[in-house]
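What follows is a short report on a single structure.
The values are calculated or read from the model by the stated rules, or taken from the named source; none is laboratory data. What you are looking at is a predicted structure, and each value in this text was computed from that prediction instead of being measured. Here the Cβ positions follow ideal geometry from the backbone for every residue, glycine too, while neighbour counts run over all protein chains shown. Side chains are part of the model used for accessible areas, which takes the heavy atoms of the whole protein and leaves out ligands, DNA and RNA. Shrake-Rupley method; radii C 1.70, N 1.55, O 1.52, S 1.80 Å.
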Amino acid sequence: MLPGASPTGGSQGAGIRAALAGLRPGAHPVVGRSLLAVLGPALLALGLTACGARVHEWSLEEQSRLRALWIESLPPLPPDPSNAVADDPAAAALGHALFFEPRLSRDGRVSCASCHQPARHFTDGKPRGEGLGTARRHTPSIVGASYSPWQFWDGRRDSQWAQAIVPLEDPAEHGGDRSAYARLIAERYREPYEAIFGPLPPLEDRRRFPQHAGPVADSGAATAWRAMAAADRRAVTQVFVNIGKSLAAYERRIQPGAGRFDTYVAAVLAGDRQTARRTFDADEAAGLRLFIGPARCTDCHAGPRLTNDSFHNIGLPLRESGWDAAGKPRPLSIEELFDPGREAGVIEAIEDASNCLGPWSDAPPEACAELRFARVDGDPLVGAFKVPSLRNVAETAPYMHDGRFASLAELLQHYNTAPLAIAGHSDLTPLGLRDHELSQIEAFLRTIDGAVSADRSWLAPPAQR
């Protein structure tokens, strides 16, 4: 701030405005540009933009855009017709216990919360998730994910419960098998499970139900699975599916809450400039103006969750190397060099037995419009990934589906330059913003904070069983 200036632009601010007013269009262009370059930061400190308008004054059109991003505009949680227990409190309580249950893995060490850590806004701070091995992609947050019609970075599942069961059998994540998971339910969670879903199959009969059996290829459990009677495989799969539906019932309780950005929007909409100035500094307000305007961020990061839940190719270049567990460079596999994203994910979702139209869904076919009318081909799907929510974005680094950007500054620089896509086409065009404008957007992004909107007891493991 200039000496003698006040946050509300006192006599010093009046002098600066008078000086700028003397710079008539076309008069002293070099001097004018130089003066603006010097005074630009000071003007922002005074709560002014270079054109003289106060940064905390918003037009009616801008206020409408801000209202659309406000947490108070979040609509009611949509139902999940494919999950009959989605909003059952008992199922949510069982899912809560299972979410923090490390025995829900091959070696008894990996739980859902190992990667989806409540203290990190349900992410893990790593480029790629780590369970029994290293996952293919970065761990996305589950906060507010129940609003999305598609799960995973590539949308290869169409419900939270269908997503929840995938890591349980993935060798790089939980790495277990269906029979062992069903047995865990029988031994540790029989009473709450049967109160919700009815009697468990006779898992104590080891001739019918081996200790380890499941359909994952290239495993000893797969051989035992194939030897089981079809009816017994269905009975075990039903328990497995119900684990996923319980986990989803819990995850539906994990929603975004209000933060500093929402306090600012509320003040702007109420015409409370004093609270607005107290909540945002000039850089943060300028960054918000860029976010909803010239930077075009809301083309994709729209609505109160700051995502449109669609898929976009943003021209990520090929990576030269990956990183091993010790942090040393390593060669990349073909799959890592180019990830097809939504192009492959939508096909997998359509073919998946746990989708909305599948035998394990509780939904009537007419309730599965997203799946029935999903776009399955075309250039826009190639290399496209799901737009993540920006809620608490400063707490969920690194960024992108492969965790390639360690900081918000790196991320914004990519959007500013908008490189061409290596396959398909990029949905970005270069922004050409100046460094201080990128810094202002970053300052704004750091205001999109807020605690998870849930009873705090949901964010810690329940009492041990």
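List of remarks:
- For a label point 7 Å along the Cα-to-beta-carbon line of residue 90, residues of the range 177-213 with backbone N under 18 Å: 185-201
- Mean projection of the Cα convex hull over all viewing directions, computed for the range 73-151: 6.7 nm².
- When all alpha carbon pairs of the range 361-405 are counted in 10 Å bins from zero, the resulting P(r) reads 19, 31, 30, 20, 1 %.
- The shape of the range 66-105 comes out prolate: with a ≥ b ≥ c from the C-alpha gyration tensor, a/c is at least 1.5 and a/b beats b/c.
- Computed extension gain for residue 362 through residue 418, at 0.36 nm per residue and net of the alpha carbon distance, reaches 15.9 nm.
- Over the range 404-459, accessible surface divided per residue gives 50 Å², non-protein components excluded, 1.4 Å probe.
- Amide H contacts of residue 384: 342, 343, each under 5 Å away and 5 or more positions distant or on a separate chain (H built 1.01 Å from N in the peptide plane; Pro and chain starts excluded).
- Segment residue 107-residue 463, length gained on full extension (0.36 nm per residue, minus Cα span): 126.0 nm
- If you wrap the range 194-295 in the convex hull of its Cα atoms and look at it from every side, the mean projected area works out to 13.0 nm².
- Probe 1.4 Å, protein heavy atoms only - accessible area per residue of the range 108-165 in square angstrom: 32
- Hz values of 3J(HN,Hα) by residue in the range 379-394 - Karplus curve (6.51, -1.76, 1.60), Gly and Pro given as x: 3, x, 7, 6, x, 8, 10, 5, 6, x, 5, 9, 4, 6, 4, 5
- Debye log10 I(q)/I(0) at q = 0.24 Å⁻¹ for the range 184-239, Cα point scatterers: -0.97
- Taking all protein chains as they are arranged and a probe of 1.4 Å, the heavy atoms of residue 436 leave approximately 90 Å² accessible to solvent.
- Carbon + sulfur, % of accessible area of the range 341-465 - ligands and nucleic acids excluded, 1.4 Å: 54
- Portion, in percent, of the accessible area of the range 205-321 that falls on carbon or sulfur, probe 1.4 Å: 50
- Computed packing ranks the peptides 302-308, 340-346, 375-381 as 340-346, 302-308, 375-381, most packed first, by mean other Cβ atoms within 10 Å.
- Each label point was placed 7 Å from the Cα along the Cα-to-Cβ direction; for residue 57 and residue 191 their separation is 6.6 nm.
- Distances between placed amide hydrogens fall under 5 Å for residue 453 paired with 255, 257, all partners being 5 or more residues away or on another chain.
- Shape of the range 146-208, Cα gyration tensor, a/c cut at 1.5: oblate
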